[in-house]
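Student: Handing you a structure now.
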Amino acid sequence: MRLPSFVQSLNSTSSRCVGGWLVVSLFVTLLAAISSESRAQSAAGSLLSRAELTAAANRAEVAAATGDPGKRTENAMLAAAIRQRLTDGDMHVGDRVVVTFISDAIHRDTVAVRSGRMLELPGSIVVPVAGVLRSELHDRVSTEVLKYVKAQQIEVTPLMRVGVLGAVGRPGYFAFASDLPVTDAIMGAGGPMGNADVGRSIVRRRNQEFRSSEETSRAIANGLTLDQFGLAAGDEIVGQRRELGMSTVMGVIGAMASIVALGFTMHNR
């Protein structure tokens with residue numbers, strides 16, 4: 001039996017929609033697999049050390065001087081950002097840190113970096129954090145806590161407030177652990193929408209592109225954490241939507257016209 005033309009058109013459009021959702025579903029599965037592998041990393045390995053950042057800055061400076069002419073400006077900006085991070089550290093006024101230590105009981109609190117770049121912990125323990133990287137924060141806090149408390153175990157988790165915007169289920173700003181994989185941050189915002197083009201996602205800093213879609217895709221594929229990818233408080237991961245081709249647009253218009261025609265025909269029966 002030959003199907004009416006409007007049914008054929010509708011079926012064709014539905015196939016395209018299902019195909020889009022299938023791609024996104026496969027990507028979500030990939031994100032989950034990468035995230036599981038990333039969580040197996042040690043906490044220290046998921047935060048970049050001073051030596052690793054210095055090596056990254058050196059590579060970027062060499063690339064800016066002798067690399068692809070089309071990317072020299074991008075590499076120069078990256079090198080400058082890393083050098084600034086090495087000088088200033090990662091902890092800025094308003095940043096929050098979760099500190100947990102066990103002594104006579106379990107003590108857990110979320111504290112903010114105060115003016116002068118100081119952390120004030122319970123018991124009037126003050127920890128200066130100017131110039132301190134996230135990877136160095138545990139040792140810095142532990143040194144100060146152990147001066148006053150016989151703690152058996154100390155855990156320090158620096159938080160990072162970043163935006164996950166664009167084509168995700170629940171766009172907004174979130175306080176994530178700095179050692180959270182980029183993939184988990186995307187999933188924490190509801191995951192990519194059905195019309196998402198994850199390969200075109202970028203990172204913005206101060207309303208300017210800070211990480212290209214190529215760099216962001218590579219970070220996702222390699223399971224990098226927010227810290228390893230060089231993100232800072234206020235940065236935005238922006239998911240892009242797929243660009244509709246003319247055939248898709250015409251297919252949608254055709255399907256809508258067919259539905260209207262069907263409704264008109266049934267109304268006049």
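The values are calculated or read from the model by the stated rules, or taken from the named source; none is laboratory data. Keep in mind the model is a prediction, meaning the values are calculated, not measured. A quick note on method: Cβ atoms are made from the backbone with ideal geometry, for glycine too, and the neighbour counts reach across all protein chains shown. Calculation scope for accessible area: heavy atoms of the full protein, side chains included, ligands and nucleic acids excluded. Shrake-Rupley method; radii C 1.70, N 1.55, O 1.52, S 1.80 Å.
Student: Could you tell me whether the stretch 158-175 includes any residue that is free of Cβ contacts under 8 Å to residues at least 24 places away in the same chain, over 21 Å from Val93 (Cβ atoms) and either in contact with a helix residue (DSSP H, G or I) (Cβ under 8 Å, 6 or more places away or on another chain) or in a helix (DSSP H, G or I) (or both)?
Tutor: no
Student: A further question on this structure: Testing Asn222 on (1) open to solvent by less than 50 Å² (accessible area, probe 1.4 Å); (2) more than 21 Å from Ala175 (Cα to Cα), one condition comes back false. Which one is that?
Tutor: Unmet for Asn222, out of (1) open to solvent by less than 50 Å² (accessible area, probe 1.4 Å); (2) more than 21 Å from Ala175 (Cα to Cα): (1).
Student: Same structure again: Being part of a strand (DSSP E or B) and of a type in the set (A, V, I, L, M, F, W, C) is the filter; apply it to the stretch 192-205 and report the residue that is nearest to Thr110 (Cα to Cα).
Tutor: Val203
Student: In addition: Evaluate the following for Arg83: is it open to solvent by 70 Å² or more (accessible area, probe 1.4 Å), basic (Lys, Arg) and under 27 Å from Ala56 (Cα atoms)?
Tutor: yes
Student: Hey, Ile82 hits all of (1) under 30 Å from Gly116 (Cβ atoms); (2) among the β-branched types (Val, Ile, Thr); (3) at pLDDT below 50 but one; which does it fall short on?
Tutor: Among (1) under 30 Å from Gly116 (Cβ atoms); (2) among the β-branched types (Val, Ile, Thr); (3) at pLDDT below 50, the lone unmet condition for Ile82 is (3).
Student: Inside the stretch 86-115, can you point out the residues that are farther than 20 Å from Glu136 by Cβ, of a type in the set (S, T, N, Q) and open to solvent by 60 Å² or more (accessible area, probe 1.4 Å)?
Tutor: Ser115
Student: Looking at (1) part of a loop (DSSP other than H, G, I, E, B); (2) in contact with a helix residue (DSSP H, G or I) (Cβ under 8 Å, 6 or more places away or on another chain); (3) more than 21 Å from Phe176 (Cβ to Cβ), which is the one condition that is false for Val132?
Tutor: It fails just one condition, (3).
Student: Among residues belonging to the stretch 176-191 that are assigned to a loop (DSSP other than H, G, I, E, B) and open to solvent by 30 Å² or more (accessible area, probe 1.4 Å), point out the one that is nearest to Asp90 (Cα to Cα).
Tutor: In this case the residue turns out to be Asp179.
Student: Just one of Gly70, Gly123 is surrounded by fewer than 16 Cβ atoms within 10 Å (Cβ to Cβ) and at positive phi; which is it?
Tutor: Criteria check complete, one pass: Gly123.
Student: Considering only residues that are surrounded by 18 or more Cβ atoms within 10 Å (Cβ to Cβ) and touching a strand residue (DSSP E or B) at 6+ places or on another chain (Cβ under 9 Å), look in the stretch 126-139 and name the one that is farthest from Pro158 (Cα to Cα).
Tutor: Ranking the qualifying residues of the stretch 126-139, first place goes to Val127.
Student: How many residues are more than 18 Å from Leu48 (Cβ to Cβ) and either open to solvent by less than 60 Å² (accessible area, probe 1.4 Å) or in a loop (DSSP other than H, G, I, E, B) (or both) if we restrict to the stretch 142-157?
Tutor: 11
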